[in-house]
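Participant: Would you mind keeping the following structure in view while I ask a few things?
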Amino acid sequence: MFPDLATLLPLVALLFVVGAFAGIIAGLLGVGGGIVLVPAFFYVFTALGYGGPQVMQVCLATSLATIIFTSIRSVMAHNRKGAVDWEVLKTWAPGIVIGAIIGTLVASQLRSVALQAIFGGLGMVVGLYMAFGRQSWRIAGTMPTGPVRAAQSSVLGFLSVLMGIGGGSFGVPLMTLYGVPIHRAVATASGFGVTIAVPSVIGFLFMPLDPATRPPLTLGAVNLPAFAVVIGITMVTTSYGVKLAHAMDPKPLKRIFAVFLILVAANMLRKALGW
């Protein structure tokens with residue numbers, strides 16, 4: 001059963017606004033629009049009455065589907081400015097793909113409330129790091145290789161799928177801890193999204209959902225209307241975020257966004273705990 005237009009139209013308008021914001025944030029801060037989209041999708045779907053035990057899988061899958069396109073657009077825009085480290089993308093891709101596949105398998109078996117708790121917990125960690133992390137913090141002076149790279153890239157892909165994000169939220173701070181300049185880290189991490197999203201979305205497309213609780217026009221776990229609305233606007237606004245990233249100091253906005261993210265993550269945790 002489809003929701004009435006009086007309910008649907010304001011929510012579609014909200015998705016346009018959220019999509020625009022997510023695109024700008026993805027290009028500007030390199031954190032990935034998914035960290036905005038997943039909670040937005042969750043509130044939209046539950047407001048429409050589709051808050052079943054698999055609603056978070058729909059949120060993750062739909063967010064990751066949009067990331068395929070926004071990641072490509074973002075990394076190409078950064079590449080035109082010569083900021084992308086293609087060697088890092090090439091060498092980290094295999095581990096990220098493996099982690100993403102494992103993450104998809106795990107996410108498909110969890111209940112929505114467990115995924116809400118994971119998103120809330122990891123979102124708090126990301127938000128706190130964005131708020132209080134220092135660019136002077138270092139693990140080493142160069143990016144890791146060998147087993148360390150394999151482990152870190154796999155964990156990055158795994159956790160990103162469980163949050164429905166493109167990897168920038170973990171990739172940017174990780175690269176800066178290894179001495180990569182922030183603009184280069186943002187540009188390079190924007191390319192992680194493709195390697196995370198493609199294998200995970202393929203898996204989510206074959207995930208069986210209860211027809212009684214899934215939103216209308218959902219293919220596997222990907223909701224096509226939400227995907228279409230968001231991708232249409234983020235494909236435009238991501239490039240503006242990239243331009244802003246190269247034209248300004250994003251630090252003040254990053255602090256504001258960190259507070260926003262902490263509040264969103266805390267609310268997701270509250271709902272997961274039933275408060």
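Participant: Tell me the trypsin sites (Lys or Arg not before Pro) within region 125-230 that lie in a loop according to DSSP and have at most 15 other beta-carbon atoms within 10 Å.
Facilitator: 134, 138
Participant: Further question on the same structure: What do you get for chymotrypsin sites (Phe, Trp or Tyr not before Pro) in region 91-137 restricted to DSSP loop and a cutoff of at most 11 other Cβ within 10 Å of the site's Cβ?
Facilitator: 137
Participant: Here is a further query. Hey, what number do you get for the chain at 222 nm if only DSSP H runs of n ≥ 4 count, each worth -39500 (n - 2.57), divided across all residues, to the nearest 500?
Facilitator: -25500 deg cm²/dmol
Participant: Moving on. Fewest to most neighbouring Cβ within 10 Å: what's the order for 85, 249?
Facilitator: Ranking 85, 249 by Cβ neighbours within 10 Å, fewest first, gives 249, 85.
Participant: Tell me which lysines have Cα within less than 21 Å of residue 251's Cα, excluding those fewer than 8 residues away on the same chain?
Facilitator: List returned: 81, 243.
Participant: Next up: Using a basic spin-label model with each label point 7 Å from the Cα along Cα→Cβ, how many nm lie between residue 131 and residue 247?
Facilitator: 3.0
Participant: Also, I was wondering about something else. Please list the helices of the chain that count as membrane-span-like by this rule: a mean Kyte-Doolittle hydropathy of at least 1.0 together with Cα atoms stretching 18 Å or more along the helix axis, each helix being a complete DSSP H run.
Facilitator: TM-like helix candidates: 5-29, 34-47, 86-109, 112-132, 146-163, 192-205, 224-247.
Coordinate-derived values only; no laboratory data. All values derive from a computational prediction rather than experimental measurement. No Cβ is skipped: glycine too gets one built from the backbone with ideal geometry, and neighbour counts run over all protein chains shown.
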